[in-house]
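To start, the structure itself, in structure tokens.
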Protein chains: 2
Amino acid sequence: MSAPVIAVVGGGQLARMMAPAAGELGVHLRVLVEAPGTSAAQVVTDAPVGAATDEGAIRDLIAPADGRAPADVLTFEHEHVPNDLLADLIEHGTPVRPAPHALVQAQDKIVMRRRLTELGAPCPRWVPLPVDPEQGHATLAGFLAEVGGQAVVKTSRGGYDGKGVRVVSSADEAADWLAAAAAGGPQLLVEEKVPFTRELAVLVARRPSGEVRTWPVVESIQRDGVCSEVIAPAPDLTADEAEEARQVAVAIAEGLDVTGVLAVEMFEVAEGPDGAVGSADGRPARRVLVNELAMRPHNSGHWTIDGSVTSQFEQHLRAVLDLPLGDTSTTAPWTVMANVLGSSLPALTDALPDVLGAFPDARVNLYGKEVRPGRKLAHVNVSGQDLGEVRRRALGAAALLRGEPLPENRTDEKKA
Amino acid sequence: MSAPVIAVVGGGQLARMMAPAAGELGVHLRVLVEAPGTSAAQVVTDAPVGAATDEGAIRDLIAPADGRAPADVLTFEHEHVPNDLLADLIEHGTPVRPAPHALVQAQDKIVMRRRLTELGAPCPRWVPLPVDPEQGHATLAGFLAEVGGQAVVKTSRGGYDGKGVRVVSSADEAADWLAAAAAGGPQLLVEEKVPFTRELAVLVARRPSGEVRTWPVVESIQRDGVCSEVIAPAPDLTADEAEEARQVAVAIAEGLDVTGVLAVEMFEVAEGPDGAVGSADGRPARRVLVNELAMRPHNSGHWTIDGSVTSQFEQHLRAVLDLPLGDTSTTAPWTVMANVLGSSLPALTDALPDVLGAFPDARVNLYGKEVRPGRKLAHVNVSGQDLGEVRRRALGAAALLRGEPLPENRTDEKKA
């Protein structure tokens, strides 16, 4: 057989970071990019331009009219692809991974919550809000009374990175969204505002023939609803707690029949189901509640590029081709990923002399994007033995890429 | 400033393996490839076709007529570029790294031996052979008498991977090469056939502003004159021996004013200069003799992709852009690189199900080349704690990619 061809919808940094893995495996990547010169288009030789919602573009991605080899599988770097088209592609013989029946769980939060509840996965309390605005208002008011205080209203579809999420104390505060839903906008659901101690994430990979691998549970630190830092593995987690989180994620991957990489974002909450204080050191027992799902390589897994034997990007390609999955062991005791969200510099490459000079061990990964406020422009991974030092270095390198001074200890940054 | 642009001459696997590093650093790579679809052309979006000896192609690589950004620096994945042209480019303001005055030392073995001898670098005994065939014959015969037994005749230019090298016991055995040299072919030199215990290599990176970094000394195992396996770090080497080898390599990088990555291939010989037995454990003292130089990323450094914080490919890009160099620490006690030279399979990707299944921790790197006997098609890196196990796994994975059965212990390959 000739080299396998993987078609990917979406030309951002996630598709960009698949490219090195594809090269190493000898796999041909064909990426549908939104415009010439996107993050992925800079590093993928076969990058036709088209919209993810354009049926013709997707069909040509899979079976190019000009005679390039047809794709062996279709996958995604985001979930915004019409499922009817995907179902039709599958019917005509193209594997789509993850398949639409799985993908819908990452597209529609109401569908997802229903299914997770059926599977017995631990979730925050939640209810869908009726489309009728008066009924929706009443349901929301009742939910708020039940949970006491605040709750989180979410759009069922289209939200990401803190968008489509609003914390409310009264039903009136969601009046505009309720009206929008009634007018044909996205449906709404409401969830309890979980008093979490921190956020965790578990990354799982699963191939069609059933093999599943997970990476260690990580701690994910958000800023304004966007992932800003990931610590791998999550500090101060007992083996039992890590195993519980892992099992929740694996059960979801299997229960939803996910193929490829699945990121399960979780809340860690301090109390056990019955409020018991559990662990031997007197620390309250902890459990996890599922927050969000993403069926693709995810920001919480960028650390794997430098901190694990197999990166999430390579694993995703292996999984969607139904190839055996790779070793997910860590290559260092700690790896910290720091995101670069926006920058005061005209271009991030301007910071390379400073950042590479100050942090020779920093693994800098620039996405080739134009600078815009708050935009995900790059990340940095640092690995090592001492978590405090590793964090300080990762955050310092990210600060320099944002055009900011080092947070602290500027003078001792140069490693001996 | 906008993204730096690095122009690279040569479209093989070395340029291919620069691509992931360029992507991560946000650097634009423009590679002059020998033909469409070469190893590098598959993964580099800006890959004009042209010969390394074509002045117009090189000039267009640096300053494209169509208005693409000019290159900030010119570098190479092989040494076969006309030096006159490079000198002219430098005169007109394009940095060429390594510069021709350094590069010539990797192009011409007589020039290299003369300069290394001047620098005091330890070399095998050697003499250049006069172009006149009778004088050449006499010089060779005299050298053979002096060293006793055998010697190695080499073409001064054009040799690589065992080509341009012949072991002779009498001057008559080189008669055809002497005649060819007299007829305008490459000049010849003769070197003693060193009774080496093994081959070592030291990889150095140096930037124009002077910063130098080395990776640990490795053992390089050749098969038919071609690198087949590399063990990092070289086992059973004392700290003093490693430091001596390192210092030899650094002195060469500095003495020759190399910029970018330099690989110094060395022979390890068992006796000290005076035949003394030196070390405390009664083992004969060892010293190194310089064998060959390569001024670019080199096969002896492929292990760094998975076994070092900074790979030789990223380091080369950083060095030629005069950016601060990266940490060269290892990420595991042992990393073994096994080359795949030829295969009985129609395509190496055919072996992916087997090789990834048997060795989930193997870092497989396919070069996207058509299979031909003895051709460098791929390599595999395996890292770990136990050298015997690491070697067995790397060699096993390479065997599967060659279409061969596993060397041994087939049944226990699946990792628990």
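The values are calculated or read from the model by the stated rules, or taken from the named source; none is laboratory data. Note that this is a predicted model, so its numbers are computed, not measured. Virtual Cβ from ideal backbone geometry, glycine too; neighbours counted across all protein chains shown.
Overview of values
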| read-out | value |
| --- | --- |
| Filtered residues of region B:251-264 (kept if of a type outside the set (A, V, I, L, M, F, W, C) and surrounded by 21 or more Cβ atoms within 10 Å (Cβ to Cβ)) | B:Thr259, B:Gly260 |
| Residue ID - farthest from B:Arg207 (Cα to Cα), chosen from residues in region B:329-350 that are in contact (Cβ under 8 Å) with a residue 40 or more places away in the chain, assigned to a loop (DSSP other than H, G, I, E, B) and at the interface with chain A (Cβ under 9 Å from one of its Cβ atoms) | B:Ala332 |
| Every residue from region B:1-10 that is more than 12 Å from every other protein chain (Cβ to nearest Cβ) and out of contact with any helix residue (DSSP H, G or I) (no Cβ under 8 Å at 6 or more places or on another chain) | B:Gly10 |
| Test: residue in region B:292-302 that is under 20 Å from A:Asp361 (Cα atoms) and within 14 Å of another protein chain (Cβ to nearest Cβ) | yes |
| Some residue of region B:238-261 being among the acidic types (Asp, Glu) and closer than 29 Å to B:Val340 by Cβ | no |
| One residue from B:Leu348, B:Leu352, B:Leu377 being modelled with pLDDT of 95 or more and touching a Ser or Thr at 6+ places or on another chain (Cβ under 7 Å) | B:Leu377 |
| Of residues in region B:222-250 being more than 20 Å from B:Cys123 (Cα to Cα) and surrounded by fewer than 17 Cβ atoms within 10 Å (Cβ to Cβ), the one modelled with the highest pLDDT | B:Pro235 |
| Qualifying residue in region B:53-61 (condition: modelled with pLDDT under 95 and within 23 Å of the chain's Cα centre (by Cα)) | yes |
| Test: B:Arg125 is over 30 Å from B:Ala3 (Cα atoms), at pLDDT 95 or above and in contact with a helix residue (DSSP H, G or I) (Cβ under 9 Å, 6 or more places away or on another chain) | yes |
| Flag for B:Gly37 being buried (at least 19 other Cβ atoms within 10 Å of the Cβ), within 14 Å of chain A (Cβ to nearest Cβ) and not hydroxyl-bearing (Ser, Thr, Tyr) | no |
| Residue within region B:106-115 that is under 21 Å from B:Ala15 (Cα atoms) and either in contact (Cβ under 8 Å) with a residue 24 or more places away in the chain or out of contact with any strand residue (DSSP E or B) (no Cβ under 7 Å at 6 or more places or on another chain) (or both) present | yes |
| Only listed residue being more than 14 Å from chain A (Cβ to nearest Cβ), out of contact with any Cys (no Cβ under 9 Å at 6 or more places or on another chain), surrounded by fewer than 20 Cβ atoms within 10 Å (Cβ to Cβ) and within 22 Å of B:Asp257 (Cα to Cα), chosen from B:Asp66, B:Asp60, B:Asp84, B:Asp54 | B:Asp84 |
| Within region A:351-380, tally of residues that are surrounded by fewer than 19 Cβ atoms within 10 Å (Cβ to Cβ), without any contact (Cβ under 8 Å) to a residue 12 or more places away in the chain and either closer than 15 Å to A:Gly396 by Cβ or within 9 Å of another protein chain (Cβ to nearest Cβ) (or both) | 1 |
| Residue within region A:269-287 that is more than 11 Å from chain B (Cβ to nearest Cβ), in contact with a Ser or Thr (Cβ under 6 Å, 6 or more places away or on another chain) and modelled with pLDDT of 95 or more present | no |
| Qualifying residue in region B:288-304 (condition: out of contact with any Phe, Trp or Tyr (no Cβ under 9 Å at 6 or more places or on another chain) and part of a helix (DSSP H, G or I)) | yes |
| Complete set of residues in region A:191-243 that are among the aromatic types (Phe, Trp, Tyr) and either closer than 16 Å to A:Phe267 by Cβ or touching a Cys at 6+ places or on another chain (Cβ under 7 Å) (or both) | A:Phe196 |
| Some residue of region A:109-118 being surrounded by fewer than 21 Cβ atoms within 10 Å (Cβ to Cβ), of a type outside the set (Lys, Arg) and modelled with pLDDT under 95 | no |
| Output for region A:107-164, where each listed residue is of a type in the set (Val, Ile, Thr), out of contact with any Ser or Thr (no Cβ under 6 Å at 6 or more places or on another chain), under 27 Å from A:Asp257 (Cα atoms) and part of a helix (DSSP H, G or I) | A:Val111, A:Thr117 |
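Matching residues to (1) more than 18 Å from the chain's Cα centre (by Cα); (2) farther than 27 Å from A:His302 by Cα:
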{"site": "A:Ala65", "(1), (2)": "yes, yes"}
{"site": "A:Thr75", "(1), (2)": "no, no"}
{"site": "A:Glu91", "(1), (2)": "yes, yes"}
{"site": "A:Thr94", "(1), (2)": "yes, yes"}
{"site": "A:Arg114", "(1), (2)": "yes, yes"}
{"site": "A:Gly120", "(1), (2)": "yes, yes"}
{"site": "A:Pro124", "(1), (2)": "yes, no"}
{"site": "A:Gln135", "(1), (2)": "yes, yes"}
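Residues checked against (1) free of Cβ contacts under 8 Å to residues at least 24 places away in the same chain; (2) hydroxyl-bearing (Ser, Thr, Tyr); (3) not in a loop (DSSP other than H, G, I, E, B):
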site	(1), (2), (3)
A:Val167	no, no, yes
A:Asp176	yes, no, yes
A:Gly184	yes, no, no
A:Glu191	no, no, yes
A:Asp236	yes, no, no
A:Ala245	no, no, yes
A:Phe267	no, no, yes
